[in-house]
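As structure tokens, the structure follows; a few thoughts come after it.
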Amino acid sequence: MSQYGTDSDLLLVMKQEEIDTYDSDVRTSCLESASSLCDSRLGIVCTLPLTEWSNHITLICVQLAKKLLRTRKNYDSTSPLYEETERDFAWALSELDKIVQRGSLPADCEDSTPEAEEGGAYVVTNRKRGWR
């Protein structure tokens, strides 16, 4: 499995002060879980693992990870972060669904599909061999 986001990528969606409140292991675990969620959807339209991915996939991943991180802090509907987190999580899932509906990866993404299809051995001849 590829990990589509890193600690530094979390800065796209969270402030450093908030990121620092989570242990490194927790951040890594949430990023891995978010990447796994991406793979569960992307696997419908491509061969995993992705060998290259776009910033779009990274943004989707960190939006998902943000929700997973904040859920660990037991935030709820009374939190000032609740509406933003829920909206961004729904956006990320929606983007994954759009990729699946379109049936292809975004530009700048590359999956691990072999470049050439491997075929079996075969013989081409015009000469009669007496085979039945």
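The values are calculated or read from the model by the stated rules, or taken from the named source; none is laboratory data. Computed from a prediction, not measured in an experiment: that's the story for all the values here. Because the Cβ atoms are built from the backbone with ideal geometry, glycine has one as well, and the counts that use them run over all protein chains shown. Remember, those area values only see protein heavy atoms, side chains included, never the ligands or the DNA or RNA. Shrake-Rupley method; radii C 1.70, N 1.55, O 1.52, S 1.80 Å.
Among all positions in region 91-114, there is at least one residue which is surrounded by 14 or more Cβ atoms within 10 Å (Cβ to Cβ), touching a His at 6+ places or on another chain (Cβ under 7 Å) and either of a type in the set (D, E, K, R) or modelled with pLDDT under 95 (or both). Taken together, the residues in region 27-75 that are open to solvent by 60 Å² or more (accessible area, probe 1.4 Å), over 13 Å from residue 4 (Cα atoms) and among the hydrophobic types (A, V, I, L, M, F, W, C) amount to 2.
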